[in-house]
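Presented below is the structure to which this report refers.
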Amino acid sequence: MDYAQLVRQIEALAEAERWYVPLLANASAALYDALPDLNWAGFYLVRDGALVLGPFQGKVACIHIRAGRGVCGTALAEDRTVRVPDVHAFPGHIACDSASRSEIVVPLRAGGGVAAVLDLDSPLPDRFDARDQAGLEDVVRALERSIRFD
Ligand code: SME
């Protein structure tokens, strides 16, 4: 996967519109389209210390996730990327789609803390490697440079 190309695409989208709703909607579409073997790609937004479902591509998903719960809540609570090669082996994993086998969640920081998380799910075990992690963190850094939440 050419993540540099994806970063350029995100930068172009951010040039067109910085407000988080259209920017994260198009970013989730770009990710879902560009990356093979995904069954969900999108964002959860931080509100009152918990996560609420934001723009995404894929099946209907759970709406509220508390900090520390599941893969997304762990990424929020610990402010770090969480890469899970086998979701069945992750304690507390929240199964929105039973087809999901592996997952990666990357925190997006704004205004001095985590403002959202990027969540990608795959039906393949061990879909995301260290290179994917670095590339997706670059994508999130590109979003952080432009995104506006107000
Ligand atoms: N599996 C996630 C929940 C979100 S869905 O995958 C879209 C988790 O454990 O946090």
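The values are calculated or read from the model by the stated rules, or taken from the named source; none is laboratory data. Keep in mind it's a predicted model, so treat the numbers as computed, not measured. Heads up, the Cβs are rebuilt from the backbone with ideal geometry, glycines too, and the neighbour counts pull from every protein chain shown. The protein model used for the area step is the full one, side chains on, heavy atoms only, and it has no ligands, DNA or RNA in it. Shrake-Rupley method; radii C 1.70, N 1.55, O 1.52, S 1.80 Å.
Within region 44-52, one or more residues are near the ligand (Cβ under 10 Å from one of its atoms), touching a Leu at 6+ places or on another chain (Cβ under 8 Å) and of a type in the set (Phe, Trp, Tyr).
Scanning region 59-105 for residues that are acidic (Asp, Glu), within 23 Å of Asn26 (Cα to Cα) and surrounded by fewer than 18 Cβ atoms within 10 Å (Cβ to Cβ) turns up just one, Asp97. Would you confirm, using the coordinates I've provided, whether Leu120 is crowded, with 19+ Cβ neighbours inside 10 Å, within 13 Å of the ligand (Cβ to nearest atom) and at negative phi? Yes.
Taking Arg148 as the residue in question, decide whether it is within 23 Å of Arg8 (Cβ to Cβ), more than 15 Å from the chain's Cα centre (by Cα) and surrounded by fewer than 19 Cβ atoms within 10 Å (Cβ to Cβ). When the stated conditions are applied, Arg148 passes them. I need the full set of residues from region 31-58 which are part of a helix (DSSP H, G or I) and open to solvent by less than 40 Å² (accessible area, probe 1.4 Å), in order please. Of everything in region 31-58, those that are part of a helix (DSSP H, G or I) and open to solvent by less than 40 Å² (accessible area, probe 1.4 Å) turn out to be Leu31, Ala34. Among the residues examined, Glu137 qualifies as surrounded by fewer than 19 Cβ atoms within 10 Å (Cβ to Cβ), touching a strand residue (DSSP E or B) at 6+ places or on another chain (Cβ under 9 Å) and not basic (Lys, Arg).
Scanning region 59-117 for residues that are away from the ligand (no atom under 11 Å from the Cβ) and either among the β-branched types (Val, Ile, Thr) or assigned to a strand (DSSP E or B) (or both) returns Thr81, Arg83, Val106, Pro107, Leu108, Arg109, Ala110, Gly113, Val114, Ala115, Ala116.
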